[in-house]
Amino acid sequence: MTATAAHGGSNGPISAGTVSSVGRGGAVNLVGAVVYGAANFVLVWVLNREFGTQATGVILIGIAMFNISLNFAQAGCSTGFIRWMSRHRALGSHDQLRATVIVGLGPVIAVATFLAVVVYAAAPTLAQVFSDSGQAQNVTTVFRAVAPFLPLAAVYMVVVQATRGFDTMLPQAAIEKVGRALLLPVLAWVAASAGLGSDGFARLWAATFALALVPAGFVFLRLVNRSVASQGVQHRRPTRRLAREYWAFTAPRAVGQVSEVVVNWLDTLLIGGLVSARTAGIYNSATRYMLPGQFTADALMQVMGSRISGLLSTDRHREAEALLRITTGWQTALTWPTYLVVIFFAPPLLEVFGADKVVAEPSVIALSVAMLAVSMVGPVQSVILMSGRSRQAMFNTLFLVAVNLTGNLLLVPRFGFNASGFVWATTIVLASGLPAWQSHRFLGIVANGPGSRRVAAAALGTVGTACLASRLVIGPSWCGLLVGGVGGAIPYTLLVWRMREELELPALIQGFARRKTTLEPS
């Protein structure tokens, strides 16, 4: 089995082993993404049901602040470790793996500890900025409940994501996307049943990072040590040169990583400050329907990242393009039917979280259209990052933050919280459009291929047509959703199956069917 990438009149074959490996990792990660997404939906449902919309808004504002601080604390090392672990292994410098860990983790712990102190001390001021006066005290309490867990959470997130640098998706999928994700809805129910309140659940939520650090740290150190031992070399001590090269890539990535999470969570904080904590809860709950596409894209980007880094490190650009086009086809095939259903049947889907969430329908539709567009270029951000262009990625995300912040501040006060959905949708399109253009312009790599375009047309002609007809005839109800979804899914599945060889679907399917996955570095 081979895959080809056409660019500039030349074809670049990619090995069957590479596609098969990505298929296995992609399958593991997609299973994890499905569980993670489902658990996230259940978590938000439990929060709204047990705590109410207003308390849920307070909790989500606290989570937003924690996640932004957490990404500051990681200092870009989650991506830095992935690139440098895979690069060391591709270039045969296994003896530098542990030295790279030492160079990276020290600053992470220091920055995280500093931020924990700042968030705790400044909690009252931050709460006044990002919530209405009636909920400022509750938000302050939540900020202070989660702040002490920042250092352990930062180390955990860096370590669990760094395992991907060894071409294995299983640790992150099992620990973060399945284990920790499934625990959170249970803790929400326990907190509500015990009468702990929003700060009590927030503390339990943050404590899960510390709990997950134990297995993640064990697996990561095992991967490092086994990789070194397999080459018969000894660990080297950190050097100034290694530190300089590592941070030359990672420091700009720190800014970019923070900017990305700011884009994802800033709207919740701004709505809390510009409108109310309750409205922030409505908006954030409603936009949970963006998660399937985001998790699918992240799952494919994560499994592809280390492979892309290895290919680009050895100047195999055509293979990198072929791999990117394959994963773009997979992403399009998985996400287009989902978001077409969401576009036509947003009202019943939003009612799952409560009848008051239906007012966010315009935001959900705008964001769904944006997700359809970005799936056509796939996880192209990995190409920019793994080619070593972390500064370029940094400037991209800083631009996105400026667009998001300006749009929210100008439009939300005038048009209401749904304007934030349109601003976020614009940001999402730019977040993929910029690296897609840069990948083509500077690396000669084109993400979009015939496969992704054909599968998008198939989804539009089947699922899109069936859902539109069902919406017009039956209306925006669960009955209409069922008729339209099933009526479109059957012909869509048949069409995609006919295109399975072009889309390299057998590799992904075999990944799902594979019963044994190894933790050994490949």
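Just so you know, all these numbers are worked out from the coordinates, no wet-lab data involved. Here the structure is a predicted model, which means the values were calculated and not measured. We place every Cβ from the backbone using ideal geometry, glycine too, and count neighbours over all the protein chains shown.
Give, as a single signed number, the net charge of other residues whose beta carbon lies under 10 Å from the beta carbon of G281, with Lys and Arg counted +1 and Asp and Glu -1.
On the way: positive: R278, K357; negative: D356.
Residues close to G281 contribute a combined charge of +1.
The spacing between segment 250-281 and segment 102-175, judged by their C-alpha centroids, is 14 Å.
Only helices at least 27 Å long along their own axis, judged from Cα atoms, and with Kyte-Doolittle mean hydropathy of -1.0 or greater: name those in the chain from DSSP H.
On the way: long enough: 16-51 (50 Å, 0.94); 53-74 (31 Å, 1.17); 97-130 (44 Å, 1.84); 197-230 (51 Å, 0.95); 240-274 (47 Å, 0.31); 291-313 (32 Å, 0.57); 317-344 (40 Å, 0.34); 390-415 (36 Å, 0.85); 418-443 (38 Å, 0.55); 478-498 (30 Å, 1.18).
Those that pass (Cα extent of 27 Å or more, hydropathy at least -1.0) are 16-51, 53-74, 97-130, 197-230, 240-274, 291-313, 317-344, 390-415, 418-443, 478-498.
Around the Cα centre of the chain, unit charges on the Cβ atoms of Lys, Arg, Asp and Glu (plus for the first two, minus for the last two) sum to a dipole of about 1280 debye. Cα centroid separation, segment 52-74 to segment 366-420: 20 Å.
Need one number: the % of Cα-Cα pairs in segment 36-510 sitting beyond the 42 Å mark. Value for segment 36-510 (Cα pairs over 42 Å): 15 percent.
For the peptides 350-359, 428-437, 472-481, the ranking by packing is 428-437, 350-359, 472-481, with the highest mean count of neighbouring Cβ atoms within 10 Å listed first. Contact order, relative form, for the chain: 23 percent (alpha carbon pairs under 8 Å, 6 or more residues apart, mean separation divided by residue count).
For the chain, the 222 nm mean residue ellipticity estimated from helices alone, with every DSSP H stretch of n ≥ 4 adding -39500 (n - 2.57) and the total spread over all residues, rounds to -26500 deg cm²/dmol.
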